[in-house]
Every structure is written in C-alpha cells, then in structure tokens.
Amino acid sequence: MHVSDNPHLRSQVHLLRTVINRARLVWRLMRDPRVPGYLKALPVAILIYLALPVDLLPDIAPLLGQVDDLGVLIVGIESFIALCPSEVVEEHLRQIEGRARPSRTTSETIEGEWRLKE
C-alpha cells in the first residue's frame with residue numbers, strides 16, 4: 001500500500017511534514033540575526049513552561065492536563081512566527097520548501113584586499 005492510496009495515512013503524513021517544517025522554521029528564525037532578540041524569548045519561555053510542573057489546567061482528567069500544554073505550544077509558536085518580520089519568515093519558508101537557495105546577503109560578504117607573496 002502506498003501513502004497516496006490511503007487518505008487517512010496521507011493526512012497523517014501531511015500533518016507530520018507540517019509539524020517538522022514548523023520546527024525547522026522556528027529553529028531558523030531563532031538563529032537569524034534579523035529577528036529581534038525580544039521575540040526570540042517567546043520560544044524559550046514556551047520551553048520553560050513545558051518543562052515546569054505547573055499546568056494551567058490540573059491533571060484531573062486523563063489527557064486534559066496535556067491539552068493546555070499543547071495549546072500553549074501551538075499558540076506560542078504560531079505567535080512567534082506571526083510576530084517575526086514577514087520577509088524573513090517568507091525567505092525561510094521558501095528555503096525549507098526547496099523553492100529557493102539560501103541568499104548571500106552583504107552582511108555575509110567580507111570585503112578585503114589580497115596579494116600573493118612569493
């Protein structure tokens with residue numbers, strides 16, 4: 001059976017690919033110097049919240065306590081992406097989706113002179 005033959009499996013593969021691409025986008029944005037430092041604090045705060053044993057909804061019912069963690073993760077990551085400069089987000093999305101090669105900006109170019117010594 002091929003993935004394209006099963007619509008349920010195809011949707012699961014699409015969801016997994018979306019989650020992986022979002023994680024890659026956040027990683028790239030965190031490393032990009034064009035994204036302000038105060039915005040980069042948001043994903044860090046999300047990770048700290050997830051690591052701490054404090055829940056918005058107590059774990060009274062099974063899975064209910066994990067739902068608030070998932071909600072914080074989704075809302076936080078999507079907010080971080082939405083707050084980043086749109087041109088930077090679009091550039092990284094194109095690179096992740098394979099539509100463009102990484103651009104070399106002038107900040108990556110080192111100007112200088114050289115000479116050959118014999």
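The values are calculated or read from the model by the stated rules, or taken from the named source; none is laboratory data. Note that the structure is predicted; figures quoted are calculated from it, not measured. All Cβ positions, even for glycine, are placed from backbone atoms using ideal geometry, and neighbour counts span all protein chains on display.
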Give me a count of the residues in region 1-52 that are outside any helix (DSSP H, G or I) and either touching a Gly at 6+ places or on another chain (Cβ under 6 Å) or of a type in the set (V, I, T) (or both).
1
Has region 43-60 got at least one residue that is closer than 26 Å to G98 by Cα and either at pLDDT 95 or above or not hydroxyl-bearing (S, T, Y) (or both)?
yes
Out of everything in region 24-44 that is of a type outside the set (A, V, I, L, M, F, W, C) and over 12 Å from the mean Cα position of the chain (by Cα), what residue ends up being nearest to V72 (Cα to Cα)?
Y38
What pairs can you find where one residue is in region 91-118 and more than 14 Å from N21 (Cα to Cα), the other is of a type in the set (S, T, N, Q) and at pLDDT 75 or above, and their Cβ atoms are less than 9 Å apart, with a gap of 6+ or different chains?
R101/Q95; P102/Q95; S103/Q95
